[in-house]
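Data block below; observations after.
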């Protein structure tokens, strides 16, 4: 991870769950992380945690405003990727890296009507990541494009999805040991650590106990 | 197609291209078609055509307002499916049929940066159709869910996509004989004509000359 | 189907189930069908049936020797496609059609350990059909390549898969009305009937009651 | 990798390329590696290399006899997985790991007729790995199933594929910097190093310059 020290990362959804874990890890490895979310206070708290832990990098909170699932998962992701690529071009950065948070739901459809729309947004992420990768190759850059596709991760996802039904929400994580946010952050670190000529395009990961 | 005579169909995007061809075919088979699009006048013209051709059904124009690609291809499709299903439930219709217009782009990613976002919306359609199918099965209905996935069809798609570049738009259809809108309408008729116990889930079709 | 009258078709697995239904349909439409299988007597019986029904075509039995699943589903299919294409080239046939029997199992993995190897052979068929299609396009022919991907069909498949356990075999078809062999034959007829410029690449079909 | 020290691994195709790189890495991490291939002498040479490098593990050559592509890629892989699982069951090993070498060709079809059959075998590997994973979950074991899906890797693959055409073979690796065998071995190490509750199911990786 040495080559990323002192460089800048934009992490969306950085206030909780997977985004927070990734932001923290990157600060730990000495990166300047712009952490964005609707709830800026939570990121400020996270920034303070990083500082007191003595991490070499820094976390800078940013407010961003997307709200509904389709906008966040598809539109915001597309716009962020476009702007990141644009910014790299302008600064002649040829070894940048764009990592999209996908899901196992981007690859197969589970028999649960509650998550079919979520699944559709993740199928879109699968297509967007590969499209982006092709575009970056056509443009002869060495910027890498990756998506990480976790199965069930113990985060605020279920409590938010079933906010009207806390018992159902709690139940989601009771059947087996799910992945943790840090597992995804570790995958991000692995992907960033690969030698520049190696592009990990997708990591599909699930709990060792997840059946579906 | 006899069993569909006199029944009602909702056809979105009915003003031009594939939607218009489908609407016309269904009217020809005696259905009452609600044709919706932003441009109602074009549907009115189509309705007049159907009438002068002596088709047994009727085409009723409806104005609908979705505009950008993500809203039309993903959100509107989801909402229409939900409302159609809701309406069938209320009227105890157990043999209805929801047909989503997908694309070969819902199944594989072409090396053309201009259509990567379109591709993402169609990946979403693939997931939504299978999600819908599962939901209809779980609910023990016999309502069928289908998507039709054509490759290049000679329609207003290219002229719209490249509205700033008419030469490029014209070129799209010059390399080989593309599918025609009526080919897709025929696939819709085939799908509707299948015996009630047969659900065609997806028809992937391309011009016999399309390489990609 | 008029343009296929008097022409020759090779149908593998023609002694029972889907193959027999397809062979019969093609004879009914006036084709000369070479029906091949290990059990030639059954095809002879089928040929007699076609004749007494007054079908305009003719069914000619052929013995072929493939036996285990990997050889039949992958190797034999590849060899037959290669030989059919070779034969068309030699006879300057530019409008032939190669149809591979795939399965919904060629597209998604069911949680049933008994059919995982079968599933793997059908994933191979998905790849082989698209590979063949690309090859035919590159070669500038108009020969079409199609696969048909049915879900559960009531045939000898289950009795053979569970030949040691007839109760389990019988159970397979007791949960819901499965597809029938004729439904697949009808899909073949639809695919052949499409205008020459239309290539149906895949038809995914399931019983209207199949959940998975 | 500490928890794998002293344990036994079976590595197929261990005489050259990716298999050799993986075998070597695992010996370097202290594992007892049964390396199997048709050419045992090459593995013996590799074992000597490991020894003179002072690696803590040991490499034991095994002769195995599969030859053609379908048998090696599909049948041998299935049999090895079955036997490995059987052996783990008998020895009550609940934390074993079965890693299948897949390919990006197991996920999308390249427009190159020379590799369509290879592609079909890799589609089968995609299905077999997920089928195996489901079976291991159903059986309530914590044995993990993974496939690694590299794009072009500079190995003996091209020289073998184009053994009649050395110029073409050499050309394959001249267009851009391909992945190296060690990159795949590193992915194997990453997958093995993940905490026991984390199962990486698939790593899709390509050279940062590979367009397709």
Handout entry: Among residues of the range D:165-182, those that are surrounded by 12 or more Cβ atoms within 10 Å (Cβ to Cβ), away from every other protein chain (no Cβ under 14 Å) and either in contact with a strand residue (DSSP E or B) (Cβ under 8 Å, 6 or more places away or on another chain) or closer than 21 Å to residue A:196 by Cα (or both), counted
Key = 1
Fill in the blank from the handout: Quick count over the range D:104-116, residues being in a helix (DSSP H, G or I), buried (at least 20 other Cβ atoms within 10 Å of the Cβ) and either out of contact with any strand residue (DSSP E or B) (no Cβ under 7 Å at 6 or more places or on another chain) or within 7 Å of another protein chain (Cβ to nearest Cβ) (or both), is 2
Practice task
Consider only pairs whose beta carbons are under 8 Å apart and that are at least six residues apart or on different chains; among these, list those whose first residue lies in the range C:54-66 and is within 17 Å of residue C:1 (Cβ to Cβ) and whose second residue is in a strand (DSSP E or B).
Solution key: C:57/C:32; C:57/C:33; C:58/C:32; C:58/C:33; C:59/C:33; C:59/C:35
Exercise for the section: Please go through the range A:188-212 and pick out each residue that is more than 8 Å from chain D (Cβ to nearest Cβ), touching a strand residue (DSSP E or B) at 6+ places or on another chain (Cβ under 9 Å) and at pLDDT 95 or above. Expected result: A:188, A:191, A:192
Handout entry: The lone exception for residue C:92 - which of (1) within 15 Å of the chain's Cα centre (by Cα); (2) exposed (fewer than 14 other Cβ atoms within 10 Å of the Cβ) it fails
Key = (1)
Exercise for the section: Test residue A:195 against the stated conditions and say whether it is surrounded by fewer than 16 Cβ atoms within 10 Å (Cβ to Cβ) and more than 26 Å from residue B:113 (Cβ to Cβ). Expected result: yes
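Yes/no matrix, rows are residues, columns are (1) touching a residue at least 24 places away in the same chain (Cβ under 8 Å); (2) closer than 19 Å to residue D:84 by Cα; (3) not assigned by TED's automatic domain parsing to the domain that holds residue D:124:
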| residue | (1), (2), (3) |
| --- | --- |
| D:146 | yes, yes, no |
| D:152 | yes, no, no |
| D:173 | no, no, no |
| D:183 | yes, no, no |
| D:187 | yes, no, no |
| D:190 | no, no, no |
| D:209 | yes, no, no |
Completion exercise
Selection over the range C:141-164 where residues are in contact with a helix residue (DSSP H, G or I) (Cβ under 6 Å, 6 or more places away or on another chain), surrounded by fewer than 18 Cβ atoms within 10 Å (Cβ to Cβ) and in a helix (DSSP H, G or I) yields a count of 1
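Out of B:123, B:85, I need the residue that is buried (at least 19 other Cβ atoms within 10 Å of the Cβ), in the same structural domain as residue B:210 (by TED's automatic domain parsing), assigned to a helix (DSSP H, G or I) and in contact with a helix residue (DSSP H, G or I) (Cβ under 7 Å, 6 or more places away or on another chain). Which one?
One residue alone meets the criteria, B:123.
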Fill in the blank from the handout: Flagged in the range C:67-81 as over 15 Å from the mean Cα position of the chain (by Cα), free of Cβ contacts under 8 Å to residues at least 40 places away in the same chain and surrounded by 14 or more Cβ atoms within 10 Å (Cβ to Cβ), in numbering order, are C:71
Handout entry: Every residue from the range B:117-146 that is within 9 Å of another protein chain (Cβ to nearest Cβ) and within 25 Å of residue B:177 (Cβ to Cβ)
Key = B:119, B:122
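The values are calculated or read from the model by the stated rules, or taken from the named source; none is laboratory data. Remember, it's a predicted structure, so these values are computed and weren't measured experimentally. In this analysis, Cβ positions are derived from the backbone assuming ideal geometry, glycine residues included, and neighbour counts consider all displayed protein chains.
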